[in-house]
Amino acid sequence: MKLDEVPTYMDAVFNGMKKVVIGQDEVIKQIMTAMVVDAHALLEGYPGLAKTLIVKTMGQLLDLKFSRVQNTPDLMPSDILGTYLIEEGKSGRELKFQKGPVFANILLADEINRATPKTQSALLEAMQERQVTVGNETYKLDRPFFVLATMNPIEQEGTYPLPEAQTDRFLLKIKTDYPSFDEEMAIVDKYSEIFDDVQLKPVLKRNDIADLQNLARKIPIANDLKRYAVDLVTSTRKKKELIEYGASPRASIGLILAAKGRALIEGRKHVSKEDINKMAFPVLRHRIILSFEAERNNLSTDDVIKQLIK
Amino acid sequence: MKIIENALAEVRKLLILSKVFKSVIDSLIVFLAFFLLFIFIKISWYYAIIPFILHLFIYGRKNLRSIRYSQVEKLVPELNEKLRTAADYVGRDNEVVDALDAEVLKDMKKIRTSLFFGSKSNMNKIMVMGILSFAIILVASFNVELFDFATIGKNRLDDERFLPIQKNLDTFLKEGDDDIYGDESIVELGNNEVLIGLNTVEGNLDYSAKKDLERKNFASGYEEEKEIYATSDSSYNDNIPKENQEVVKKYFNQITQAG
């Protein structure tokens, strides 16, 4: 894929998404941003906000193998990674590795905070290493490989919140919000009347996604903007009155990568300050821990990040 | 050198020129302002060169150090964030950077010299210079002064309260110093006849040997010559050829006769 063709393909993806998903434009953009920089994303939102629909539709448009895992407390690591099964073969019984849902291109891990820490670790290790080791065998995961994990912010009973060290592995924490009134009217019109199953044709192939990922890394960023991005991340460690623990250098890398991805998606050949400011929220909100003072004043992480942005 | 590097160098040159122009204009305004002030207080206008040079050096250096491509981006919005990105990636080659360079080169055609030099602020400064120059001419021609700084200064110098040293100097000059001029009684001698007495006791001369003049006869072994003549050693003789001697002789005879 050539650089000039990127805006056309992106338009095709977003137009395809609009046929199925109404609203949530920013969520779709951020998910695409994570994909073009070959990273994973955490989706947080109340139930019924089209999180699963977005990811499933994206899988169709990008011609990627989609799989879904509903995390429950009794879910085992083998349920995600795969296991050996005894199969009757020509030469008798033999152990055959049955690949788990992780062997997909897009894995939607629903309610990841409901899985046990052991299962969470198995998934996170697969995300990090891009390979799965079962017994003595190592299996490489297919490329591209994205994990979109969802978290329900309201049901906290029986959950195992992801520790900060683990959430740090997700590039973005994307917040899904309620649609506007007009959007909800359109949703109601579309889904409460005669069901029209929209058949989507793939717009991008796997090679195209690999090209996009390659191009995203090549997007240039001016030195003063790079300094601004790093300054933004380091300021999270200095604002002690509001932030107990600031973001790590991984956040600096993530912020610049995310800004480059966003620039590519918007058809620009350079990173702008607006890209950094926009991506600061999904990059930093799961990487900072607010102080008691901030919580006492009912400040959210987004409110604090807004104060840091110049 | 790539085209983009040349183009960026040109832009940088233009930025430097505009900063130098701005610094010179600002310094000239400072010069004219001080010039006008010094006319009002009757101080020589040469002193106005000092703040001019100081301002030019300090602010000129500050302006040159603050040169950034973002200043061009403010004047040409199409280049916003692109120009400095292209400048930071000079020497690095990839398809995205090449595409950005092409875009920047296309938008750089919108850069005009008048954007740097014809700005409203420069026009206002030139107007201020004109007004100051006009004021200087008016003030100088009508000899307007607020107060005479030079005279006030001089009066301050004459005031004993302020400069006791001045008083001491004047007194010194009037009254003199015995050590320098010596004894006044000696100065008063003038053309008077001086009678000098010799102290024979303390002197080195032997006055007991003093006697009258005696006549001496210088007769012994001396014969009076009838003719006394002098000769010179042959080494003093000229080795002039004989025919030339004749010429010289004739020459001097002619001079004598002509005289």
Q | the protein assembly as shown - charge dipole about Cα centre, Lys and Arg +1 at Cβ, Asp and Glu -1, debye rounded to 20 | A | 3220
**Q.** Summed side-chain charge close to residue A:257 - residues other than residue A:257 whose Cβ falls under 13 Å, Lys, Arg +1, Asp, Glu -1
**A.** +4
**Q.** Rounded FRET efficiency, nearest 0.05, which uses the C-beta distance separating residue A:177 from residue B:125 and R0 of 35 Å
**A.** 0.10
Q: Take every Cα-Cα distance within the range B:5-134, group them into 5 Å bins from 0 onward, and report for each bin the whole-number percent of pairs it holds.
A: 2, 10, 16, 17, 14, 11, 9, 7, 6, 4, 3, 1, 1, 0
Q: Return the distance in nm (one decimal) between the two label points of a simple spin-label model at residue B:213 and residue B:94, each offset 7 Å from Cα along Cα→Cβ.
A: 12.6
Q: Averaging sequence separations of C-alpha pairs under 8 Å and six or more residues apart, then dividing by the length of the range B:64-142, give the relative contact order as a whole percent.
A: 22
Q: Could you quote the convex hull projected area for the protein assembly as shown, Cα atoms only and averaged over all directions, in nm²?
A: 82.1
Q: Would you please give the residues with an amide H less than 5 Å from that of residue A:290, counting only those at least 5 places away or on a separate chain, with H modeled from the backbone geometry?
A: A:244
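Compute the FRET efficiency between residue A:239 and residue B:137 as 1/(1 + (r/R0)^6), taking r as their Cβ-Cβ distance and R0 = 60 Å, and round to the nearest 0.05.
After rounding to 0.05, the efficiency reads 0.50.
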Q.
For chain A, what does the helix formula give at 222 nm: sum of -39500 (n - 2.57) over DSSP H segments with n ≥ 4, over the residue count, nearest 500 deg cm²/dmol?
A. -14000 deg cm²/dmol
Q) Amide H neighbours of residue A:68 under 5 Å, counting only residues 5+ apart in sequence or on other chains, H built in-plane at 1.01 Å? A) A:108
Q. Which whole number gives the average, over all residues in B:94-102, of C-beta atoms from other chains lying within 10 Å of the residue C-beta?
A. 6
(Q) Please compute the average number of Cβ atoms from other chains found within 10 Å of each residue's Cβ in peptide A:209-218. (A) 2
Q. Considering every residue in A:219-227, what mean count of other chain Cβ atoms within 10 Å of its Cβ is obtained?
A. 5
Q) How fast does the range B:11-65 diffuse by Stokes-Einstein, in µm²/s, taking the Kirkwood radius from C-alpha pairs at 10 °C and 1.306 mPa s? A) 135
Q | Pairwise FRET efficiency - residue B:5 versus residue A:217, Cβ, R0 = 25 Å, nearest 0.05 | A | 0.60
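Rule-based calculations on the coordinates, nothing more; no lab input. Since the model is a prediction, treat every value here as computed from it, not as a measurement. Every residue, glycine among them, receives a Cβ derived from its backbone with ideal geometry; neighbour counts consider all protein chains shown.
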